1. Using just the helices of the chain, give the 222 nm mean residue ellipticity in deg cm²/dmol: DSSP H runs with n ≥ 4 each add -39,500 (n - 2.57), and the total is spread over all residues, rounded to 500.
2. I'd like the Karplus ³J(HN,Hα) series for segment 125-139: coefficients 6.51, -1.76, 1.60, θ = phi - 60°, whole numbers in Hz, and an x wherever there's a Gly or Pro.
3. What accessible surface, in Å², does a 1.4 Å probe find on residue 144, ignoring ligands, DNA and RNA and rounding to the nearest 10?
4. Probe of 1.4 angstrom, ligands and nucleic acids ignored: what's the accessible area per residue over segment 80-176, in square angstrom?
5. Sequence-distant or interchain residues sharing an amide H contact under 5 Å with residue 78, placed H: which?
6. Calculate the translational D of the chain in whole µm² s⁻¹ from Stokes-Einstein, where the hydrodynamic radius comes from the Kirkwood formula applied to all Cα pairs, the temperature is 4 °C and the viscosity 1.567 mPa s.
7. Can you give the three extents of the C-alpha atoms in segment 16-133 along their principal axes, from longest to shortest, in whole Å?
8. Taking N as the number of residues in segment 33-81, what is its Cα Rg relative to 2.2 N^0.38 Å?
Amino acid sequence: MRAPISVVIPAYNAGAFIEATIRSIQAQTVSVAQIVVVNDGSSDATRDIARAAGATVLDQQNLGLPASRNRGISAATEPWIALADADDLWEPNKIELQWRSLERAPTAAFSFCDYSQFNEKGVINACVIYEVHRHFRHVLRTSLDQHSSLCDGVSLGAALLVQNVVCHSSILVRKEAVIALGGYDTTLLAAEDYEFLMRLTRDHVGTYVDLPLVHYRRHATAMTSNIPKCREALV
């Protein structure tokens, strides 16, 4: 089975990780229709590695993460967008379980799931939302099946005001919803994903799959490792 989904991956000097990310997407039990890598002015072999792995690659000068996401979403051919960072990994059933939850919740415009964090030494947190973001337990949810539920928009938005509970590499979202929101704010140095989620949950409801289907890689060159830059963007 193939789902009408384009995966958008912004990439800057991601040559060390991009192939593994693409391979984890290609290994899905429900396949996606398209993988788009936006090469954001990389000086390493990101472009060549992504193309060799079978992705569609869009080249641009270094414009930053928000502009890269917008470029990839604009170029996507499918009505649904799966977002992925160039250094993260997916479990093989990620798309299958999220797609199933969306089929059972036709009013939902997006889906997300739990995730793990790891580095070169091993797993840091096996289930981040469950272990770290305990305020997420206050989000009102309507069960859809054994592992998925439809989230109440107001209480999910309230949880986001406390702290971002959503891993961006877990998001599956309607393209038309992203376009209607105006995409990502290109004036932000970081935290553009957090700000986007605030607007998305303000206007739409989403499903949640209570399994760590994404593995978030922590390393020194990741955006989230630049704490001063992230704090400035949050302010």
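1. On the way: 9 runs with 78 residues, N = 235.
Per the formula, -9000 deg cm²/dmol.
2. Computed from phi, the couplings for segment 125-139 are 9, 7, 9, 5, 4, 5, 8, 10, 8, 5, 5, 5, 5, 8, 6 Hz.
3. Residue 144 exposes around 40 Å² with every protein chain in place.
4. Details: 4280 Å² over 97 residues.
Result: 44 Å² per residue.
5. 6
6. On the way: Rh = 17.7 Å.
D = 73 µm²/s.
7. Principal extents (largest minus smallest coordinate, Cα): 39, 38, 25 Å.
8. Details: Rg = 10.7 Å, N = 49, 2.2 N^0.38 = 9.7 Å.
After normalising by residue count via 2.2 N^0.38 Å, the value is 1.10.
The values are calculated or read from the model by the stated rules, or taken from the named source; none is laboratory data. This is a predicted model, so every value here is computed, not measured. All Cβ positions, even for glycine, are placed from backbone atoms using ideal geometry, and neighbour counts span all protein chains on display. Quick note on the areas: whole protein, heavy atoms, side chains included, nothing else; ligands and nucleic acids left out. Shrake-Rupley method; radii C 1.70, N 1.55, O 1.52, S 1.80 Å.
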